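The values are calculated or read from the model by the stated rules, or taken from the named source; none is laboratory data. Nothing here was measured: the structure is a model prediction, and the numbers come from that model. Virtual Cβ from ideal backbone geometry, glycine too; neighbours counted across all protein chains shown. Keep in mind that these areas ignore ligands, DNA and RNA; they rest on the heavy atoms of the full protein, side chains included. Shrake-Rupley method; radii C 1.70, N 1.55, O 1.52, S 1.80 Å.
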Amino acid sequence: MSGAFSIDQVADLLYREAWLLDQQRWKEWLDLFAPDCRFWVPAWNQDHELVDDPDTGLSFIYYESRGGLEDRVWRAKSGTSVASTPLPRTCHQVTNIRCEEEASGRLRVRSAWNCHIFDLRAKEQHTFFGHYTHLLAADGEKLRIAEKKIVLQNDLITGFIDFYCV
Amino acid sequence: MDALARLRGLIIDDPQGKDFRVHRDVFRDPDVFDWEMRHIFEATWVFLGLESQVPSAHDYMTTFIGRHPVVVSRDDKGELHCFINSCRHRGALVCHRAFGNRKYHVCQYHGWAYDSSGRNVHLKDREQAGYPPSFDKEDHDLVKVRKFAGYRGFLFASLAADVPSLEEHLGEARWFLDLIADQGEEGVECVPGRIVFRYRANWKMQLENAVDPYHFTSTHASYIQVLERRQKSAAADVPTSIYTNIRNAGIRRGSFAFARGHAAMWGDTPSPQARALFPSYESLVARHGEVRARWMFHTRNLSLFPNMQIAENASLQLRVMRPLSAGATEMAIWCIGPKGEAAEARRQRIRQYEDFFNPSGLATPDDVANYEDCQSGLAAWSIAWQQGHVRGFEASVAGADRFADEIGLQPERSLIGPVELGDETAFHPAYREWLRLIEAGLREDESRAHVAARGAT
């Protein structure tokens, strides 16, 4: 691993993110992201072709700042969203982490993920899975998420999805 | 109890007595679901997709008519065909993808091959087959649906032949399709990105919801609150919404009931300047006149019985419903927009769509959670009837109101009121058509059974 950060530190950030999501410690989860972060869950266009431009094709979620995620965190905790009350229990797993340093010094981190979801409303469970690409940038001593792209491989959505199930 | 008598006990439609009731078995009984498949989805016009989804020779898309998998395919001459997606030999699917381009559809099992019009063009090892002459007398082409037609680029089909023309079926509801198609000089298109979700509840929850103004402030409370938060924080990057300022707008909601199950809900737009179409207003006036352009800026939800809805409010959405069982439904949803739309307007349309309509949006998940909660509660089999389907009854008038007159529309009924009126009379046409079609189907079953019984004696 080049630069100031080890692969262990990178992995630790991804594991911590998963942990914070599952613990519903979403304010801390937001703090992992840079204020001008890009958060992108593209839709599929064809069987094996993702939408590659969020401005000409659909995404499940697309933001160019943390503001949209802050809205979602607020809504999920508001008690006025039917879909978020009660919130499901989730378990994120992140693995197959590979990391490369870009010319800019930022780290491009690819991984595989799955999220087990126990829907307390329906008393049913389902799993979403796919791949993450994180772009991490140094912020002083720490790494912050400048960009997160989430590819959802099983996009036949059961009910609905939100930031806490991908 | 015999089927017809049971059916008649499921809807009370009594205009004189000012009563309209829907029995809960309509949403939960597997026998009712079977009636719906046979006598509605497989017996009337259903929506398939947009012509612009299969633009080139040999393009195809697959979908369903009731339980029948079907293919819409464009042949080498540019003509569209709709056939059942089932090889004539052993029944295997001949098309496996949602969308594709294929000159020939070759069954992977024994190699029977069909061209893009569905014609059988090759039967593997036919010369050596030893088929008797009777085999050669059979038609080996893929089975065409009986009726297949388009209106302004919207494609519909019917498995039954005894249906009126598509134009007659759509009737006055066509005006609302025109208002979509006319937004682009060359019509409308689906934005790339195919999103499908399933919910654990009856398809008619969605059928009702599309023309239900009553649920908005309670079901979508969190969405409205998010919009208010955004106004306070003035964050630059979050999507704008036509619903900004909805609490103070004093808006009206109207509805039109049409023949053959269709209905539309319309209303004022609290913040029309947030519409992706807003920069095009002047050119829309020039092309279509002030009245039609103004109506393009009203919120409008159109429900075409049984399986298609267009919602133009937070963005512009096309929905195709596919009932899977009494308690499960699949929704294929599309963001649509005018062809050739300016890049910035298209971007805005997409962001607004994602914000509200996606199964990952800030509004649709709350609808879906409510449908599922309803289905769970409907397990209480001892409770027979839903309540409140007469909401709006006293405000509803026969024929056209002044708004229908303004646009030359002749609906069966019209209604206008403040948004809080929360009209539910717009659900009635669908249940009337539901009853009419199932009743006709069950009568036919009955007369066929009589003929068979006579033949047997």
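If I stretch the segment between B:Asp141 and B:Lys77 completely, what's the gain in nm (0.36 nm per residue apart, minus their alpha carbon distance), one decimal?
21.2 nm
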Go through the stretch B:378-388 residue by residue and turn each phi into a ³J(HN,Hα) via Karplus (6.51, -1.76, 1.60, θ = phi - 60°); whole Hz please, and just put x for glycine and proline.
5, 4, 6, 5, 6, 8, 8, 10, 6, 10, x
Percent relative contact order of the stretch A:7-165, based on C-alpha pairs within less than 8 angstrom and at least six residues apart?
23
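A:His131 to B:Val451: FRET efficiency via 1/(1 + (r/R0)^6), r the Cβ-Cβ distance, R0 45 Å, to the nearest 0.05? Before the final figure, lay out the partial values.
Details: r = 60 Å, r/R0 = 1.34.
Efficiency, rounded to the nearest 0.05: 0.15.
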DSSP-assigned coil residues among trypsin sites (Lys or Arg not before Pro) in the stretch B:72-102, each with at most 14 further Cβ atoms within 10 Å:
B:Lys77, B:Arg90, B:Arg97
Rounded to whole Hz, the Karplus (6.51, -1.76, 1.60) HN-Hα couplings of the stretch A:55-61, x for glycine and proline:
8, 10, x, 7, 10, 5, 9
If I take R0 = 35 Å and measure r between the Cβ atoms of B:Val397 and B:Arg247 in this structure, what FRET efficiency does the formula 1/(1 + (r/R0)^6) give, to the nearest 0.05?
0.80
Can you give me the % of accessible surface on chain B that is carbon or sulfur? Probe 1.4 Å, all protein chains present, nothing else counted.
50
Point-to-point label distance, A:Gln24-B:Glu330, nm (Cα→Cβ direction, 7 Å offset):
3.4
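Per the helix-only calculation at 222 nm, which mean residue ellipticity applies to the protein assembly as shown, given -39500 (n - 2.57) for every DSSP H run of n ≥ 4 and division by its residues, nearest 500 deg cm²/dmol?
On the way: 17 runs with 170 residues, N = 623.
Helices in the protein assembly as shown give a 222 nm mean residue ellipticity of -8000 deg cm²/dmol.
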Translational diffusion coefficient (Stokes-Einstein; Kirkwood radius from C-alpha pairs) of chain B at 4 °C, 1.567 mPa s, in µm²/s
55
Total accessible area buried between chains B and A, 1.4 Å probe, in Å² to the nearest 100?
3600
Low-density loop trypsin sites (Lys or Arg not before Pro), the stretch B:304-393, at most 14 other Cβ within 10 Å, DSSP non-H/G/I/E/B, are B:Lys339
Relative contact order (%) - the stretch B:69-118, alpha-carbon pairs under 8 angstrom, separation at least six
33
Using the Cα gyration tensor of the stretch B:52-157, with a ≥ b ≥ c the square roots of its eigenvalues, what is the shape: rounded (a/c below 1.5), prolate (a/b larger than b/c) or oblate (neither)?
prolate
Equivalent ellipsoid dimensions for the protein assembly as shown as semi-axes, Å, which come from the Cα gyration tensor, largest first
41, 33, 25
Can you pull out the trypsin sites (Lys or Arg not before Pro) in the stretch A:23-106 whose DSSP state is coil and whose Cβ has at most 15 other Cβ atoms within 10 Å?
A:Arg25
Given H placed on each backbone N at 1.01 Å, which residues far from A:Arg38 in sequence or on other chains put an amide H within less than 5 Å of it?
A:Glu147, A:Lys148
Which lysines, if any, have their Cα less than 30 Å from the Cα of B:Lys232, not counting same-chain residues under 8 positions apart?
A:Lys27, A:Lys77, A:Lys148, A:Lys149
Regression test value, accessible area per residue of the protein assembly as shown, probe 1.4 Å, units Å², expected 42
Find the percent of Cα-Cα distances in the stretch A:7-165 that exceed 22 Å, and round it to a whole number.
42
